[in-house]
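K.L.:
After the C-alpha cells below, expect a handful of questions from me.
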Amino acid sequence: MRVALALEYDGSRYLGWQTQPGGGTVQDALQAALSAIAGESTAVTCAGRTDRGVHARMQVVHLDTQAVRPEGAWVRGANALLPESIAVQWARQVPEEFHARYSALARTYRYVLLNRPVRPALAARYAGWCHAPLDVEAMREAARHLVGEHDFSVFRSAECQAKTPVRTLHSLEIEAGDGRIDLVLRANAFLHHMVRNIVGTLVYVGRGKHPPAWASELLASRDRARAAPTFAAEGLYLERVEYPACWSLPVASRGANAVPVLP
C-alpha cells in the first residue's frame, strides 16, 4: 500500500534532504525509522528536496510498503525512533496514483530575514541576516515584477536539473516588523536555489544597489551572472504543500501562515 506522511524538521542538523552514501540527511533518518516500523526496507519520495540548512514546517512524502499498520502507528512509531529534530505530523493511506511531488498543486516557502546592525547568535541557524537597513517598500515593488509565469533562468542554480525554467509564482508577499522581514513565496514549483536567489536580489534592491525595475530586467536577461549572490540557507522554510481536495490530505493543519518562532 502507499502511505503519505507530513513532517517538519530542523535542517541545520542535516546535510540536506536527499540521501547520501555516508548518511547524515533527513531522508536517511526518516527511511531508517520507517523501515523499522514496516519491518522491511523502505524508500520515500518527497514533495520538494531541501538543501543543507533549509528547514521544513510541512514536507510531504510517500512510501510504498507491504506492511499493514494503523495510520497512527506510522506517526507514533516513527517519532519514537527519529531524532528530536524531525517529527512526523500525520500519516494517511492513499491510492497508488498519489505522488508526493507530481500530485502537488503548489508549494509555499518562507524566508526569515533579520534586519539589524548586529548579527544574531541564538537565531543564527534559523534566520538570514542583513546588517544594512532595507527599504521594504522598494523590495515589495521589485517583487511585483516577479509574480506570474516567467522563465526564471536568472534565479536558477547551475546544478538545477529541472526540464524547464518556466514557473508560475502565484504570490510573493513581504511582511516586516520589529527588525524582521519575512518573504513568503507561493508557486506551482521552484527551481534549485530559486527562492534564495530571489531573496538575494530583493535584498540588493532594499539596500539601494539597484532600483525595483531591475528585477524585471533580470528576468528578461535570463543571465544568472547578472543577479545577486545566493542568500544564506538558514532562513529558508518549506512551509506548505498543497494538493487537490480529492486526496483528502490534512495539509492545511499547520496553517497557511505558520510563522517560525525564533529563539
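Read-outs throughout are calculated quantities, based only on the coordinates presented, and are distinct from any laboratory measurement. What you see is a predicted model, and the numbers here were worked out from it, not measured in a lab. Neighbour counts run over all protein chains shown; Cβ positions are idealised from the backbone, glycine included.
K.L.:
Using the per-residue mean of other Cβ atoms lying within 10 Å as a proxy for protection, in what order, highest first, do the peptides 56-68, 142-154 fall?
P.N.:
Numbers: 56-68: 20.0, 142-154: 18.2.
The densest-packed peptide leads the list: 56-68, 142-154.
K.L.:
Cut-off 10 angstrom, C-alpha nodes, Gaussian network model of the chain. Which of Leu81, Leu34, Leu169 fluctuates the most?
P.N.:
Largest GNM mean-square fluctuation: Leu81.
K.L.:
Assuming a ≥ b ≥ c are the square roots of the Cα gyration tensor eigenvalues, decide whether the chain counts as rounded (a/c under 1.5), prolate (otherwise, with a/b larger than b/c) or oblate. Spell out each step's value before the answer.
P.N.:
Working: a/c = 2.13, a/b = 1.70, b/c = 1.25.
Verdict is prolate for the chain.
K.L.:
Another question, then. Under the rule a/c < 1.5 gives rounded, and otherwise a/b versus b/c splits prolate from oblate, where does the stretch 66-168 land using the Cα gyration tensor?
P.N.:
Numbers: a/c = 2.93, a/b = 1.44, b/c = 2.04.
Note, shape of the stretch 66-168 comes out oblate.
K.L.:
Taking the Cβ-Cβ separation of His131 and Ala213 as r and a Förster radius of 35 Å, what is the calculated FRET efficiency to the nearest 0.05? Mind dumping the intermediate values first?
P.N.:
Values: r = 25 Å, r/R0 = 0.73.
Given R0 = 35 Å and the Cβ-Cβ separation, E is 0.85.
K.L.:
Along the Cα-to-Cβ line of Ser248, 7 Å from the Cα, sits a label point; which residues in the stretch 76-102 have backbone N less than 20 Å from it?
P.N.:
Those under the cut-off are 89-100.
K.L.:
Once R0 is set to 25 Å, what does the formula 1/(1 + (r/R0)^6) return for the Cβ-Cβ distance between Ala36 and Leu105, expressed as a FRET efficiency to the nearest 0.05? Kindly include the intermediate steps, with their values, before the conclusion.
P.N.:
Details: r = 32 Å, r/R0 = 1.30.
It comes out at approximately 0.15.
K.L.:
What FRET efficiency comes out for the pair Ala220/Leu262, r = Cβ-Cβ distance, R0 = 51 Å, nearest 0.05? Don't skip to the answer; put the middle values down first.
P.N.:
Values: r = 36 Å, r/R0 = 0.71.
It comes out at approximately 0.90.
K.L.:
Mind running the shape call on the stretch 119-256? Use the C-alpha gyration tensor, a ≥ b ≥ c as the square roots of the eigenvalues: rounded below 1.5 for a/c, prolate if a/b tops b/c, oblate otherwise.
P.N.:
On the way: a/c = 1.65, a/b = 1.14, b/c = 1.45.
Judged from the Cα gyration tensor, the stretch 119-256 comes out oblate (a/c at least 1.5, b/c at or above a/b).
K.L.:
Find how much the distance from Ala158 to Asp64 grows on full extension, using 0.36 nm per residue of separation minus their present alpha carbon separation; answer in nm with one decimal. Display every interim value, and only then the final one.
P.N.:
On the way: separation 94, 0.36 × 94 = 33.84 nm, distance 3.24 nm.
Gain on extension, Ala158 to Asp64, equals 30.6 nm.
K.L.:
Order of 2-14, 82-94, 117-129 by packing, highest average Cβ count within 10 Å first?
P.N.:
Details: 2-14: 21.5, 82-94: 17.4, 117-129: 15.4.
Ranked from most to least packed, the peptides come out as 2-14, 82-94, 117-129.
K.L.:
Report ³J(HN,Hα) in whole Hz for each residue of the stretch 41-50, in order, from the Karplus equation J = 6.51 cos²θ - 1.76 cosθ + 1.60 where θ = phi - 60°; Gly and Pro get x.
P.N.:
Karplus values, whole Hz, x for Gly and Pro: 5, 10, 10, 10, 10, 9, 6, x, 6, 10.
K.L.:
If you find the alpha carbon centre of the stretch 78-146 and of the stretch 150-223, how far apart are they in angstrom?
P.N.:
Value for the Cα centre distance between the two parts: 14 Å.
K.L.:
Compute the length gained on full extension between Ala124 and Glu84: take 0.36 nm times their separation in residues and subtract their Cα-Cα distance, giving the result in nm to one decimal.
P.N.:
Extra length available between Ala124 and Glu84 comes to 12.5 nm.
K.L.:
So what is the 222 nm mean residue ellipticity for the chain from helices alone, if each DSSP H run of at least 4 adds -39500 (n - 2.57) and you divide by all residues, rounding to the nearest 500 deg cm²/dmol? Could the numbers behind the result be given before it?
P.N.:
Working: 5 runs with 54 residues, N = 263.
Value at 222 nm, helices only: -6000 deg cm²/dmol.
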